[in-house]
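One structure is given below, encoded as structure tokens.
We did not get these values from a lab; they are worked out from the coordinates using the rules stated. Small disclaimer: the values here were computed from a predicted structure and weren't measured. So basically every Cβ, Gly included, is an ideal-geometry build from the backbone, and we count neighbours across all protein chains shown.
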Amino acid sequence: MCVGLSARVVSVKDQTAIIDAGGAKREISSGVMEDLEPGDYVMVHAGVAIAKITESDEEEAVDVMEDLL
Amino acid sequence: MNEQVKAARDIITGYKGRPLRIMEVCGTHTHEIFRLGIRKLVPEGIDIISGPGCPVCVTAVGFIDEAIWLALEKGCTVCTFGDLIKVPGTEMSLAGARAKGAKVRPVYSPLDAVELAKDNPGEQVVFLAVGFETTTPSACLAVKKAQELGLENFSVLTANKTMPNAYNALVGSADAFIYPGHVNAITGNGACKRLCEEKGVSGVVAGFTASELVTALAVCIRLLEKGEPFFRNCYPRVVRDEGNPAAIKLMDEVMEPCDSEWRGLGLIPMSGMKLRESYAACDSRIKYDMPLITGKPNPACRCGDVLQGKCKPSDCKVFGKVCTPLHPVGACMVSDEGACAAYYQYSGLV
């Protein structure tokens, strides 16, 4: 139940968004997201977008490891 | 694999320091660390233990009994995340209740349960609201939507839980925590930072891909070697310090803190969430004047010890014998996020 789904936002209207997750499209709630726009990537839990995804995990690894190497 | 991830892998495999206990709090982390083979990278001196971050696993037996009471005694249609259906109650699971005629429907989202209620005005629909801060906003949105639609045939049975007080209960059980990324995506990092500053509890927030888990584990090991308490957000592409303010505001509007029973950890004060009085019409316990129902866990099951890192699933006498994913004795063997299910599937012990 807790597995998050990362997906691209296709459209947003009235606190509802259509997302594309690897080709599968679904309607979700964008009720707790502000400033969501088509093209954004989001993390979806139980049919609700909970956070924007801002970069790839490999880019993130560069930032996270920066001061340890 | 980029240079940073290779370096992180080398930090893990090359560790030769003092023995370390690192607890992955989140059930999905438990599974991904197994599934991705990360456990095989970890040298003998590092013990990766599982924590109580699988919401299905920490849901008390009595909650399952309450849901079955609503389904069998009150004739409600019970909508639930699929993981809960096979979790044993005192006498039976929801799957067993379904075999006796109960209407039990798995849903992906609580909002789907609202749609079901809207489309079936003759049915009384109950959604089983379990989960941590990650899924609680979806239950709150469902309650608000049902109220906006004027639905009188939708209610929720709450067992929502919050992590900060569980962390307090776990202090001392590990050298460091790997915090659940998607809980912090909602709550922000404040509680984890306070644990570090006030109680010296170390931890990192981790994502769920191979590179995220490897880098988070490497950061954790390197900072443990330095010996000072630390907190580090290793999942910044999703987790912001402030979390999700709109979700926090929504949860505060619809729900309020309450004491909560955790399987294995017992009653933790103010570690649960229940509907506020203004949403009482959607509270199944009030709506159906539910009597006090307390469950009795199977005494052979050691899920409680597993959830606190006191033993490994394979230390439990029923693991892999009486208790299997097809015939689970405890909740940790049911859920895809449960530690026992992960050990059963990936450890090669069975």
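For the protein assembly as shown, what is the Kirkwood hydrodynamic radius in Å, using each pair of distinct C-alpha atoms? All intermediate terms of the calculation are to be shown ahead of the outcome.
Details: mean 1/r = 0.0460 Å⁻¹.
Kirkwood radius, the protein assembly as shown: 21.8 Å.
Working from the alpha-carbon coordinates of chain B, get Rg over Rh, Rh being the Kirkwood radius. The partial results should precede the final answer.
Values: Rg = 20.4 Å, Rh = 20.8 Å.
Rg/Rh: 0.98.
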For segment B:180-306, the percent of all C-alpha pairs falling in each 10 Å bin, from 0 up to the bin holding the max distance, is 11, 26, 31, 23, 7, 1
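Can you divide the C-alpha Rg of segment B:108-198 by 2.2 N^0.38 Å and report the result to two decimal places?
On the way: Rg = 17.1 Å, N = 91, 2.2 N^0.38 = 12.2 Å.
Relative to the rule-of-thumb radius for its length, segment B:108-198 sits at 1.40.
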If eta is 1.567 mPa s and T is 4 °C, what Stokes-Einstein diffusion coefficient results for segment B:85-146, Kirkwood Rh from Cα pairs, in µm²/s?
101
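Counting only DSSP beta bridges with both residues in the protein assembly as shown, what percent are antiparallel, rounded to the nearest 5?
Details: 29 of 63 bridges.
Percentage antiparallel, nearest 5: 45.
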For chain A, place one equal point scatterer on every Cα, skip the solvent, and apply the Debye formula. What is log10 of I(q)/I(0) at q = 0.18, 0.19, 0.23, 0.26 Å⁻¹?
-0.65, -0.70, -0.91, -1.09
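Show me the ranking of peptides B:202-213, B:322-333, B:69-80 by mean Cβ neighbours inside 10 Å, starting with the highest.
B:202-213, B:322-333, B:69-80
Anything over 30 Å Cα to Cα? Flag those among B:LYS40/B:LYS310; B:LYS100/B:LYS312; B:LYS226/B:LYS310; B:LYS100/B:LYS321; B:LYS118/B:LYS287; B:LYS100/B:LYS296, in the order listed. All intermediate terms of the calculation are to be shown ahead of the outcome.
Numbers: B:LYS40/B:LYS310 21 Å; B:LYS100/B:LYS312 35 Å; B:LYS226/B:LYS310 26 Å; B:LYS100/B:LYS321 27 Å; B:LYS118/B:LYS287 18 Å; B:LYS100/B:LYS296 21 Å.
Check vs 30 Å cut-off fails for B:LYS100/B:LYS312.
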In chain B, with Lys and Arg counted as +1 and Asp and Glu as -1 at Cβ, which of these residues, B:GLN4, B:SER155, B:ALA281, has the Cα nearest the positive end of the dipole, that is, farthest along it?
B:GLN4
Sequence-distant residues sharing a close amide H with B:ASN233 (under 5 Å, placed H):
B:VAL205
For a footprinting-style exposure proxy, rank B:LEU149, A:LEU36 by other Cβ within 10 Å, fewest first.
B:LEU149, A:LEU36
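Give me B:CYS196, B:CYS340, B:CYS234 sorted ascending by neighbouring Cβ count inside 10 Å, so fewest comes first.
On the way: B:CYS196 18, B:CYS340 33, B:CYS234 26.
Least crowded to most crowded, the residues run B:CYS196, B:CYS234, B:CYS340.
Under the √(5λ) rule applied to the eigenvalues of the Cα gyration tensor, what semi-axes describe the equivalent ellipsoid of segment B:1-106? Give them in Å, descending. Please report the intermediate quantities before stating the final value.
Values: eigenvalues 363, 40, 16 Å².
One finds semi-axes of 43, 14, 9 Å for segment B:1-106.
For segment B:12-68, would you read off the P(r) tail past 20 Å as a percentage of all alpha carbon pairs?
On the way: 641 of 1596 pairs.
Cα-Cα pairs in segment B:12-68 separated by more than 20 Å: 40 percent.
Would you mind ranking B:PHE231, B:PHE127 by Cβ crowding within 10 Å, fewest neighbours first?
Ascending Cβ contact count within 10 Å gives the list B:PHE231, B:PHE127.
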